[in-house]
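Below: one structure, written as structure tokens.
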Amino acid sequence: MFEHFKHIVPLLALGVLVSTAVTDAVYVMFTAAVARRRRFSAATWSSLWYLISSFAVINYTRDWTYVIFAAAGSWIGAYASVTLLHERPSTPPSPLGPPVA
């Protein structure tokens, strides 16, 4: 079962992990820009998203064991970026939701 892991290149595995972490962080930024309806920002984040994700995709499609590192990087990137984007509201949110404009 673990024989597939014997041939993993540590530097490549780290590269896949980091690139997917950055990819997910960029995806969160893209989603935030879309939610704020910022076209230029969303388009820029979207193009970066594809450029960065290509490294991981090219590497783990050659060998499925790198998917594990991609998944770990994805989790790290999403968690870190949402943590950094978390803004504390100045007033508590209304239980009825945001006001309708």
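The values are calculated or read from the model by the stated rules, or taken from the named source; none is laboratory data. These figures come from a predicted structure and were not determined experimentally. Here the Cβ positions follow ideal geometry from the backbone for every residue, glycine too, while neighbour counts run over all protein chains shown.
Observations on the model:
- Against the test of being touching a helix residue (DSSP H, G or I) at 6+ places or on another chain (Cβ under 8 Å) and among the polar types (S, T, N, Q), the options Ser54, Ser19, Ser47 yield a single qualifying residue, Ser19.
- Looking only at the stretch 64-97, and only at residues there that are assigned to a loop (DSSP other than H, G, I, E, B) and closer than 16 Å to Val28 by Cα, the one that is modelled with the highest pLDDT: His86
- Hits in the stretch 31-62 (condition: touching a residue at least 24 places away in the same chain (Cβ under 8 Å) and closer than 27 Å to Ala13 by Cβ): Trp49, Ile52, Ser53, Phe55, Ala56, Asn59, Tyr60
- Summed over the stretch 36-53, residues that are among the aliphatic types (A, V, I, L, M) and either modelled with pLDDT of 90 or more or under 9 Å from the mean Cα position of the chain (by Cα) (or both) total 0.
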